[in-house]
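All remarks here apply to the structure that follows.
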Amino acid sequence: MSPTIAVLALQGAFIEHEQRLQSLGCAAIELRQAADLERSFDGVVLPGGESTVQAKLLHDLGMFEPLRQRIAEGLPALGTCAGLILLADHFRTLPVTVRRNAYGRQLGSFHAEGRWKEEQEVEKAREPADTTDDSGTRTALAPDPIPLTFIRAPRIEALGLDVEPLVTLSGTPVAVRHRKQIAAAFHPELDPDNRLYEMFLGLIA
Ligand code: GLN
């Protein structure tokens, strides 16, 4: 059965996520009020936008704590840009340090090509026996570049326990995974590459 993905639709770039999820065979529903959280869904997408506005609306609408709890309990989540900031700074379910607008306001938006870490190598990194191996196997990169669109993007400055970088730009992680949470500083909904979505959908049991 195709998964149903809830997209937080209070503010920001949620339509593009819905369209992409539908193109990948998912049903997309919108989270606009607390009652929407009662519907049945298999994962959640937190879109880009303005994280402070989104957090305030979540609190005002009584959605903040129920959503935070679902994610903390293991609901697969994909956070992009402001969604990354929500996970890291507001819900605090994602142990990474982020700095808002850190790619420079003057830059505003820019496009770049990052490196995708081969899933298989990421899998290896998860095995405890491999944690002492710094031979470079773990950090092997797939040859495929991944297109990245940044819009007043947060910078991921430090990774906490059990956080794996998925995509890097000049050696800096710009997408990470922690258990069932995937978060990106860029906007995967604006480029044709589906790998981040596929990985997210792969987290759904
Ligand atoms: N600058 C925004 C924030 O701080 C994030 C930008 C985005 O989501 N494109 O929340």
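None of the figures in this text is laboratory data; all of them are computed from the coordinates on show. No experiment lies behind these values; they were computed from the predicted model shown. Note that each Cβ is placed from the backbone with ideal geometry, even for glycine, and that neighbours are counted across all protein chains shown.
Structure notes:
- Once backbone amide H atoms are built at 1.01 Å from N, A28 has I5 as its partners under 5 Å, excluding neighbours fewer than 5 places away on the same chain.
- At an R0 of 22 angstrom, the distance between the Cβ atoms of I15 and D193 translates into a FRET efficiency of 0.75.
- Zone residues, the range 68-95, relative to D162, backbone N less than 11 Å from point 7 Å out along Cα-to-Cβ: 73-74, 94-95
- Convex hull volume per residue, computed on the Cα atoms of the chain, equals 113 Å³.
- Cα pair distances of the range 49-106 binned at 10 Å [whole percent]: 22, 55, 19, 3
- Distance between modelled label sites at S40 and D60, nm, 7 Å Cα→Cβ extension: 3.3 nm
- Once the C-beta distance of I204 and A112 is scaled by a Förster radius of 45 Å, the resulting FRET efficiency is 0.95 to the nearest 0.05.
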